[in-house]
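Each remark here refers to the structure printed beneath this line.
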Amino acid sequence: METYELLQSYWWLLISILGAALVFLLFVQGGQTMLLGARNDLQRSMMVNSLGRKWELSFTTLVVFGGAFFASFPLFYSVSFGGAYWLWILILLGFVLQAVSYEFRKKSGNVYGTRTFDTFLCINGVLGCILLGVAVGTFFFGAEFTLHKGNLLDTGAPAIASWSSTHGLEAIVCWKNLLLGVAVLFLARMQAAMYFINTIDDINNYKVQRKAVLVNGGVFVLLFVTFLAVLLTADGYQVTVIDGKETFEAVPYKYLQNFVDMWWALAVLLIGVALVLYAYVTTIFRDHFRCGIWYSGIGTALVVMSLFWVAGFNGTPYYPSLLDPASSLTIGNSSSSPFTLTVMSWVTVIIPFVVAYIAYAWYSLNREPITPDEMSSDDHKY
Amino acid sequence: MNDLTTLVDWSRAQFALTAMYHWLFVPLTLGLSVIVAIMESIYFKNRDPRWLATTKFWMTIFGINFAMGVATGIILEFEFGTNWSNYSWFVGDIFGAPLAIEGLLAFFMEATFIAVMFFGWKKVSPRFHLASTWLTAIGASLSALWILVANSWMQYPVGMEFNPDDMRNVMNDFWALVLSPVAINKFFHSVLSGWTLAGVFVIGVSAWMLLKKRNVAMAVRSIKVAGWVGIAGILATLATGDGSAKVVSEVQPMKLAAMEGLYKGSCGQAIVGVGILNPDKQVGDDQEPYIFDISIPYGLSVLAEGDPDAFVPGVEDILAGIELTPEGDTIKGDSYAQRIERGKAAHDALRRFDVAKSQGDENAMQQARADLDKDFKYFGYGYFDSPQEAVPDIPMTFYSFHIMVILGGYFLLFYIVVLLLVYKKRNFVERNKWLHYIAIISIPLVWICSEAGWVVAEVGRQPWVIEGLMPARAAISNIPASSVIVTFTLFAVIFTGLLIAEISIMTKYISRKSQENID
């Protein structure tokens, strides 16, 4: 493999890791969808404060995911964000509302009342999970765009990418994308319940959340199995590059084939699924099992990574165009230059250090679980 | 007005709206994080609970403000893709890197340690807590560094070359980006202006408490810390502002001319201290540029070149191709009409290159490449039909610049007076009510000053998104203008609604908390 290809693959791997971290951290969004249904104000306060110590981390992971995608695969940034305008704008609006809601919800003088900010958190939770799932769904099921870089020289209409006139709304109503989006929502809700069990020391909370794991996890498993069935029977494109020219050929069962060709991706998928199922079953059947979030979290991360791998590796365009196959984006044709990828790769040396201080801060803050007493203290809280 | 122009105008309006909202909160975050960290450091050293109370008071305000900065910031990053998608491809190879580094190096640091800062008082050691507070402040400044590197590169594109195969620019020198004189000046100028702003804010709020006779000791303590941070900030802001003017004169002479409303330059050029522009003045006519002005002789020549006799070109000189060499000599280069011609030749060469490539004609590719290289430095001018299209909005740039400079001078005086009185004068609290009122009035003024600075920087460099290479009209996404009008309205309503809530929460908190005996 040439150095450039190696760099491109390395960056796709990093994107998959960031995507995996983001989907794991969506438990924050999942938890936000459960706030309005809390039994009483105390329970809601404990849930909010449990999530509130992590919301900036999930938010930042989304921002870094976007930044890393921009730096490593700028053509995706250009085509997808500028084309699927409404899909991304709706996602962003939800996160705008989230960013203020924790800090403002209980502050006196917040003008709109606590319930409004809790509703904002719920909106972010639902929109964030479903629409990010939809966005990832387009990696497999395609998007309606065409790409002509030569348009840059058309002074009257210089945009290089064109999208269908619905600008992302069509992706949201595509049932295959929605299937993944709703599955992500229920996964996030299940993991949120596991996280609440892990971080809140209150027997009433434990009973409620255990039931939430049962219900949300059950729905998630059904949806995810359906999604996998759809994915493994889906057609895709195979890209072949000869003398620098790409040809795209429609291939049946492309993603199933990718799992067969890349046994390691299949192994990671299966290990991930097993860990999520272990967390689900153990939380339900073993009393006071509090570590479900870690098994499920690691499992989720592995599954997401394997999905990114079959989306982009093995000659697969990770952003297939439904209107013009030749416009499809691949790791090879959409990446930054070798120089930039090299510079950025040097920067990634810092990642273990970043992970280490995040882990240490997480441990420091979560060492003592949240209790009902803490909610009535004078300490800073949401 | 055609569809493209409407789309470009609304996209610019949306970016301006979100950027200006974002900048309402960022400088306070940059400065207040440092002030809070200093206060906590004092507490760490003397373990005096009064300093702990002071730290927590300002830290809560910091948190309220920080949330709004985060909310408005996420839109900006993604707007490069949603509304400026051509830009994202044309220079994404260069521009994306600082954004990703900003996330990796700065955002994670801020997000992680701000949680420890707020929730860790009883969960981590005092030393680790203090470190977290400083790391939050450092993270904020680091994030400013990388986004300002990115912004500076747009104003002064360096460290890159054009790749005709992909029809984009690619990076070839990372350190040229990071260490460009524009980036260095902009970083210090912007970040330290945040110290100035936060200092005025803290002094203003404290002055209000003094007027109300609430927590007087805490207010005086806060004024002292904010005064030192603020005066360091304003001195450095003024110094880097002077440096910025020299750099702008070199790399963006059109912006400098617009800042001064200078149409025809001269040797020993005066600078307008205060002035009103003639609203009927057009580029190329013989009308006087000012209705009224008080000018300082030789001022602009000194500001721009450090030489009272130096020539400073005006808008019309620049359009005619008069340039200054780095040594300060005046030469006749390509006029803007010639640049447009050569820009269009570069477009044609790239078109020929593309056709030759698709036909596999190596000779034609080489010829086209040679032609492209010859004219590429004027590539962006090829999108214009007349030289006037390359002139920024002069009145907006002129007035913003003068508001910024006049207020900047005022704040230097303000800090000197505050520090002198708070340390030297007995009965500072009782006898200086006039100063307390001035301090309160200064709060909105410092925000006007800060926003005016960004208006100068961003309006003054129009119509370019990348100086000389890409005008705004070529950077656009292919979306209907109506969609952008809807999102502009959405952002305007949401941000305004949230700003109202933020100000209400802050004022309520200050009012309520100040009535308690914080000490």
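The values are calculated or read from the model by the stated rules, or taken from the named source; none is laboratory data. Model, not experiment: these values are computed from the prediction. Ideal geometry is used to build each Cβ from the backbone, glycine not excepted, and the neighbour counts take in all protein chains shown.
Here are a few things to note about the model shown:
- Any hit, the range B:362-375, residues being farther than 26 Å from B:I294 by Cα and not in a helix (DSSP H, G or I): no
- Residue tally, condition more than 9 Å from chain B (Cβ to nearest Cβ), within 18 Å of A:G67 (Cβ to Cβ) and over 24 Å from the mean Cα position of the chain (by Cα), over the range A:327-345: 1
- Scanning the range A:225-236 for residues that are touching a residue at least 40 places away in the same chain (Cβ under 8 Å) and either out of contact with any helix residue (DSSP H, G or I) (no Cβ under 7 Å at 6 or more places or on another chain) or crowded, with 21+ Cβ neighbours inside 10 Å (or both) yields a total of 3.
- Only one of the numbered conditions (1) basic (K, R); (2) farther than 27 Å from B:E260 by Cα; (3) modelled with pLDDT of 95 or more is violated by B:R339, and that is (2).
- Test: residue in the range B:83-105 that is at the interface with chain A (Cβ under 7 Å from one of its Cβ atoms), more than 30 Å from A:P158 (Cβ to Cβ) and either modelled with pLDDT under 90 or part of a helix (DSSP H, G or I) (or both): yes
- Hits in the range A:122-164 - residues which are in contact (Cβ under 8 Å) with a residue 60 or more places away in the chain, surrounded by 24 or more Cβ atoms within 10 Å (Cβ to Cβ) and assigned to a helix (DSSP H, G or I): A:N124, A:G125, A:G128, A:C129, A:L132, A:T138, A:F139
- Flag for B:A219 being within 30 Å of B:L256 (Cβ to Cβ), in contact with a Phe, Trp or Tyr (Cβ under 9 Å, 6 or more places away or on another chain), surrounded by 19 or more Cβ atoms within 10 Å (Cβ to Cβ) and modelled with pLDDT under 95: no
- Selection status of B:S295, hydroxyl-bearing (S, T, Y) and either surrounded by fewer than 16 Cβ atoms within 10 Å (Cβ to Cβ) or touching a residue at least 60 places away in the same chain (Cβ under 8 Å) (or both): no
- Some residue of the range B:267-282 being crowded, with 23+ Cβ neighbours inside 10 Å and in a loop (DSSP other than H, G, I, E, B): yes
- Complete set of residues in the range B:168-204 that are of a type in the set (A, V, I, L, M), touching a residue at least 60 places away in the same chain (Cβ under 8 Å) and more than 17 Å from A:A71 (Cα to Cα): B:V182, B:V191, B:L197, B:A198, B:V200, B:V202, B:I203
Yes/no matrix, rows are residues, columns are (1) of a type in the set (K, R); (2) touching a strand residue (DSSP E or B) at 6+ places or on another chain (Cβ under 6 Å); (3) touching a residue at least 24 places away in the same chain (Cβ under 8 Å):
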position: B:G230; (1), (2), (3): no, no, yes
position: B:A239; (1), (2), (3): no, no, no
position: B:G243; (1), (2), (3): no, no, yes
position: B:K246; (1), (2), (3): yes, no, yes
position: B:E250; (1), (2), (3): no, no, yes
position: B:P253; (1), (2), (3): no, no, yes
position: B:K264; (1), (2), (3): yes, no, yes
position: B:G268; (1), (2), (3): no, no, yes
position: B:Q282; (1), (2), (3): no, no, no
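- Residue match in the range A:78-94 (condition: farther than 25 Å from B:I494 by Cα, touching a strand residue (DSSP E or B) at 6+ places or on another chain (Cβ under 8 Å), not in a loop (DSSP other than H, G, I, E, B) and not aromatic (F, W, Y)): yes
- Every listed requirement among (1) among the aliphatic types (A, V, I, L, M); (2) crowded, with 19+ Cβ neighbours inside 10 Å; (3) modelled with pLDDT under 95 is met by B:L419 save one, (2).
- Which listed residue, of B:M254, B:M259, B:M209, is out of contact with any Phe, Trp or Tyr (no Cβ under 8 Å at 6 or more places or on another chain), closer than 30 Å to B:I322 by Cβ, modelled with pLDDT of 90 or more and assigned to a helix (DSSP H, G or I): B:M254
- All positions within the range A:137-194 that are in contact with a helix residue (DSSP H, G or I) (Cβ under 7 Å, 6 or more places away or on another chain) and basic (K, R): A:K176, A:R189
- Filtered residue count, the range B:471-494, keeping only those that are more than 8 Å from chain A (Cβ to nearest Cβ) and either more than 18 Å from B:T6 (Cα to Cα) or in a helix (DSSP H, G or I) (or both): 11
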